[in-house]
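Below you'll find the structure, written out as structure tokens, and then a few comments.
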Amino acid sequence: MSVKWGLIGASTIAKQFMINAIRAQEGGEISAVMSSSPERAKTYADEHNIPLAVSTLDDLLGADIDAVYISTTHELHLEQALAAIDAGKHVLCEKPLALNSADARTMVAAAKEAGVVLGTNHHLRNAGATAPCATPYQPAASASRLPRVCSMPSICRRTCRDGASPDRKPAAA
């Protein structure tokens with residue numbers, strides 16, 4: 001099965017992580033990229049072998065794509081996701097999905113009604129490095145004293161096992 005993706009946002013995170021991840025999937029291809037700057041869209045498309053560069057959401061959603069990856073600034077996620085959903089496109093949105101839970105619920109309801117998939121790209125959601133952050137919550141959750149968690153903000157910082165900062169340079173071997 002082929003999935004043609006459109007990138008909403010000519011972003012660094014798409015360049016560093018998503019373009020190769022999409023292309024690594026069987027049938028995954030990136031068909032278009034949108035940036036509000038036509039020049040940036042063109043340059044980004046050329047640099048990443050993307051056939052179509054556009055500067056409006058309508059042009060992107062009118063292209064031959066099945067899904068979109070949204071990596072724009074947070075305040076644009078709701079509007080862009082709803083437009084994509086309305087156009088019948090599946091949506092993978094960079095975190096945070098929305099600025100508040102009401103907007104997130106609106107997006108989820110719209111996707112359900114349209115019969116498309118809506119997801120949040122959160123690469124650390126189940127990572128071991130975040131487990132210590134959830135530890136204080138787990139006993140209460142397992143005792144059913146708290147409602148089911150849909151998301152949990154994290155303010156902890158990952159540290160290395162030896163207590164050193166993860167920003168340090170690795171020791172020479």
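Laboratory data are not the source of any read-out in this text; all were calculated from the coordinates shown. What you see is a predicted model, and the numbers here were worked out from it, not measured in a lab. Using ideal geometry, Cβ is built from the backbone for each residue, glycine included, and neighbour counts are taken over all protein chains shown.
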(request) Calculate the translational D of region 6-80 in whole µm² s⁻¹ from Stokes-Einstein, where the hydrodynamic radius comes from the Kirkwood formula applied to all Cα pairs, the temperature is 20 °C and the viscosity 1.002 mPa s. (result) 176
(request) Order the peptides 89-96, 46-53, 32-39 from the highest to the lowest mean number of other Cβ atoms within 10 Å of their residues. (result) 89-96, 32-39, 46-53
(request) Arrange the peptides 112-118, 80-86 so that the one whose residues have, on average, the most other Cβ atoms within 10 Å appears first. (result) 80-86, 112-118
